[in-house]
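Heads up: the structure comes next, in structure tokens.
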Amino acid sequence: MNLFKRLLNTGYVGARAALERRIPFWPIERIERLQRHRVRSIVRHAYTTAPFYRDAMEQRGLKPGDFRCADDLARLPLLDDLTVRNNPELFASTRYSDQSRLTAYTSGSTSHVQKKIYWDHTALLDLLCYSERHRAVLNALLGRGWGQRQLFIIPQGSMTLAIRSFWDAATLTPPQLARRHFVPVSSPLEEVVREINTIKPEVVFSYGSFADLFFRWLADRRLTIAPPRVWMYGADMLSDDAREIMEKQFGCIPYTTYQAGETGRIGFQCERRRGFHLNVDAVPVRLVDENGRTVRPGEVGEVVVSNLYNRAMVLLNYRLGDLGALSTIPCPCGRSLPLLAGFEGRCTEVLQLPDGRKVPYVMFEVLLKNELHDSIQAQMVQSSPARICWRIVPASNADREKLRAQILAKSSSFIGPKIQVTVEFAEHIPSTGGGKFRRVIRDSTLVQTEQPEPRN
């Protein structure tokens with residue numbers, strides 16, 4: 001990209017930065033007006049240029065003028081990961097060529113297969129602008145906004161790196177803003193320790209599951225690091241136990257945002273770090289039950305999102321596979337954006353029992369908090385509705401037979417005696433090809449029978 005274009009892009013991002021820091025504090029009515037404008041705009045664009053939406057609206061007798069607010073997006077088909085992965089061109093806008101869009105790939109959290117996502121160049125700049133909302137919080141936690149030493153521990157070829165490379169090529173970032181270093185997530189943990197102690201970063205970025213493993217491993221081996229002020233994690237969860245280790249043993253503040261490769265930043269934590277303020281003007285969120293019906297605030301449902309600003313690939317009414325609940329009370333921080341109070345895990349991290357019960361993994365994490373404290377990694381494998389195996393990487397000082405007996409006793413008392421529960425010990429449990437850690441593995445036939453179908 002030539003220098004003149006980079007200067008224009010830098011000016012655009014700089015002009016938007018101050019505005020984006022203010023928007024979370026706008027009255028909710030003003031935010032909803034902005035949201036409605038973007039809904040109408042993206043629906044017109046989808047109808048005109050994206051084959052899937054033109055066909056879907058015509059089949060339902062709908063026109064772009066029928067969509068006036070975010071609630072109206074529920075009239076479109078409810079999409080799932082499989083539909084988009086198998087038919088990406090149906091959602092791609094005919095207005096964008098390879099020269100005017102970035103092709104990136106998700107890590108495959110739901111289907112465990114990477115999915116192609118197109119981003120237009122303006123949307124990527126907007127994504128950088130929206131980052132100012134959480135960057136204001138991050139800077140406050142760090143106590144500085146310039147001269148940060150940042151370390152990224154992420155997979156090579158990840159969407160994060162692809163987007164970061166675009167920003168570097170499309171804008172002129174002052175070198176004083178941040179000094180960035182990168183370490184592949186596949187690096188041995190001993191090497192990660194050496195890099196941290198050499199670089200001495202103020203902030204580290206990684207997946208939640210990597211941070212979980214890393215700090216448990218450090219505590220188990222009684223190793224020390226030059227602790228960053230903030231450890232920013234995303235993409236998957238961090239256990240309460242690991243969060244406690246980070247804060248109490250290493251003096252490191254865990255901080256996270258809510259994001260997806262299909263949408264960019266969906267939400268961010270404020271200084272209180274008790275839920276996610278949702279960027280609903282750019283990515284409206286609703287929570288649905290198993291039948292696709294919107295649930296009320298306070299009730300747990302599956303997260304459904306719509307990307308209102310990426311025009312290269314239109315994704316509206318898209319199921320993310322996350323389970324959560326909207327807060328029923330406003331956050332005391334003063335931001336008016338709706339608050340996602342917390343996560344209940346992912347749909348793929350729910351065990352289906354023979355009696356019809358669906359039990360999220362996080363319930364086992366709470367039930368076995370003391371036992372899992374003596375582990376570095378833990379994973380549940382459900383090979384059939386009546387057979388569950390715990391894979392455990394125990395801490396070095398753990399009494400394995402005592403740990404086995406405790407896990408078996410508590411698991412069986414919780415899920416019932418008719419389900420066979422076993423425990424296996426391992427030295428290491430590998431992550432997925434995308435660098436994430438799967439807390440639950442279920443037989444493929446179980447997953448197939450429960451794959452949500454698009455709503456007609």
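The values are calculated or read from the model by the stated rules, or taken from the named source; none is laboratory data. No experiment lies behind these values; they were computed from the predicted model shown. In this analysis, Cβ positions are derived from the backbone assuming ideal geometry, glycine residues included, and neighbour counts consider all displayed protein chains.
Odds and ends about this structure:
- Looking only at region 366-409, residues that are in a helix (DSSP H, G or I), surrounded by fewer than 19 Cβ atoms within 10 Å (Cβ to Cβ) and either aromatic (Phe, Trp, Tyr) or within 24 Å of the chain's Cα centre (by Cα) (or both) come to 2 in all.
- The listed residue being within 23 Å of Arg286 (Cα to Cα) and either in the same structural domain as Val305 (by TED's automatic domain parsing) or in contact with a Cys (Cβ under 9 Å, 6 or more places away or on another chain) (or both), out of Leu73, Leu102: Leu73
- Residue within region 341-352 that is at positive phi, free of Cβ contacts under 8 Å to residues at least 24 places away in the same chain and touching a Phe, Trp or Tyr at 6+ places or on another chain (Cβ under 8 Å) present: no
- Test for Pro228: is it under 29 Å from Glu371 (Cα atoms) and part of a loop (DSSP other than H, G, I, E, B): yes
- Taken over region 179-220, residues that are outside any loop (DSSP other than H, G, I, E, B), in contact with an Asp or Glu (Cβ under 9 Å, 6 or more places away or on another chain) and among the small types (Gly, Ala, Ser) amount to 2.
- Checked across region 124-147, the condition of being among the polar types (S, T, N, Q), at pLDDT below 95 and more than 26 Å from Ala50 (Cα to Cα) holds for at least one residue.
- Residue in region 54-73 that is at negative phi, surrounded by 13 or more Cβ atoms within 10 Å (Cβ to Cβ), more than 27 Å from the chain's Cα centre (by Cα) and touching a residue at least 40 places away in the same chain (Cβ under 8 Å) present: no
- Matching residues, region 199-228, being among the basic types (Lys, Arg) and surrounded by fewer than 18 Cβ atoms within 10 Å (Cβ to Cβ): Lys200, Arg221, Arg222
- Candidate set from region 352-364 (those that are buried (at least 18 other Cβ atoms within 10 Å of the Cβ) and in a helix (DSSP H, G or I)); member that is farthest from the chain's Cα centre (by Cα): Phe364
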